[in-house]
Amino acid sequence: MRGWSGVSWDGSLPTRQLLDLDIESLLDLSGRAAEKALAINPLTVTAAPIIITGACTTSPGCRHCKWEHLKAMGRPPFIDDRSVGALTDWAHALADAGMHRAFFGTGWLGYRLPRQVLEKVEDVCAAEPRLEYYGLFGALDRQSHFDLASAGLTGMLTSLESPSERVYRSFRPGGDSLADRLKALGHTKEAGLKAWTGFLVGLGEDADEVAWGLDALRQIGPESVSILPFEPFEETAMRDHPPTDELWLARVNAAARVVLEPSTVLFSDHYRDVDERFGAAVGFNGSYITTPPSKAFGSQAEGPGHGDRPGS
Ligand code: SF4
């Protein structure tokens, strides 16, 4: 498709065609959208996980599950259920290091969040008020969203995982569905929580499916979005799957920046050198910090979210 430099995106070019633009034209458009976005949210929002438990009821397990890799590496947060005291200490350390937000994580434990997890969330939110808290629990039912709002959460981090049901079930044969996740995001808004969502790329999705996903994100109207790369990890069934192409990742994020509201915080995972080559034009203003640069953390550093960062 021919370039589109010099033309402002006014919603008249279908999202699907944005994805077909040559990369210079797409980055030109996203660069102008990024200027508006960074005028609203100029600072990088930093976010780190608080892993409550590595337990997961998804069966069969996800074929890309990074947590399996981290468990095999013996990372304590993924092996042990953590006490409120340990979780609170970690939250204090994140706040002391200047982090803006934290997301509680568990494996998917079903549609109704277990009471003991909810109580831990409530206790940590009350004990460390300097952070904004989000929940990474996979698709939950309506009641759980209202319970979490009462417990002190700011929002939910519920990824679509993939913009394609076909691809979704290829790497995630068990557990909640893409439709469940869309429904959960409706509950998120209904409960007055902020919606943080997105999807993974590099798992075999095509441009039509990504265009559908970007339109779905726009319709959801999320406060934050993470469009992140699949990475193959040892000890997973997908260890031999090729990693995500950087240009594809940049293209999808640039198109997202164009179609999403300028107030959207767009998170980068700092994948290889994508930020260096494309970050300014995409206007990333959210950042995952899984090993915060502070001696306050000692050796406790937690790994990122499920499968890949915003999974579950
Ligand atoms: S990616 Fe998350 S939901 Fe899937 S098996 Fe791993 S921990 Fe469970």
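Express the relative contact order of the chain as a whole percentage, based on alpha carbon pairs under 8 Å and six or more residues apart in sequence. Intermediate results must be reported in sequence, preceding the final value.
Details: 633 pairs, mean separation 83.1, N = 312.
About 27 percent, as a whole number.
Each principal axis of the Cα cloud of region 153-260 was taken in turn, and the coordinate range along them, longest first, works out to 41, 32, 23 Å. Exposure proxy ranking for Met156, Met99, Met73, based on other Cβ atoms within 10 angstrom of each Cβ and starting from the fewest, stands as Met73, Met99, Met156.
Cβ crowding within 10 Å, taken as a proxy for footprinting-reagent exposure, orders Arg277, Arg101 from fewest neighbours to most as Arg277, Arg101. Between Leu43, His100, Leu260, the Cα set farthest toward the positive side of the dipole of the chain (charges on each charged residue's Cβ, about the Cα centre) is that of His100. Along its first, second and third principal axes, ordered by size, region 61-207 spans 44, 39, 28 Å in Cα coordinates. A DSSP coil position with no more than 16 other Cβ atoms inside 10 Å describes the following trypsin sites (Lys or Arg not before Pro) in region 202-266: Arg239. Taking Cβ atoms as reference points and 15 Å as the exclusive limit, the residues near Leu185 contribute a net charge of -1, counting Lys and Arg as +1 and Asp and Glu as -1.
Here the convex hull built on the C-alpha positions of the chain has a volume of 118 cubic angstrom per residue.
Treating only the Cβ of Lys, Arg, Asp and Glu as charged (+1, +1, -1, -1), what charge dipole size does region 15-297 show about its Cα centre? Round to the nearest 20 debye.
Values: 28 positive and 39 negative charges, 106 e Å.
That gives a dipole near 500 debye.
The Cβ shell under 13 Å around Gly283 holds other residues with a net charge of -1, Lys and Arg each +1, Asp and Glu each -1.
Taking the Cβ of Lys120 as the center, what net charge do the other residues with Cβ under 11 Å away carry, scoring Lys and Arg +1 and Asp and Glu -1? Before the final figure, lay out each step's value.
Working: positive: Arg82, Arg115; negative: Asp81, Glu119, Glu122, Asp123.
Charge balance in the 11 Å sphere: -2.
Cys residues of the chain that find no other Cys beta carbon under 4.7 Å: Cys56, Cys125.
Read the figures in this text as sums done on the coordinates, not as results from a lab. Computed from a predicted model, the values in this text were never measured in an experiment. Using ideal geometry, Cβ is built from the backbone for each residue, glycine included, and neighbour counts are taken over all protein chains shown.
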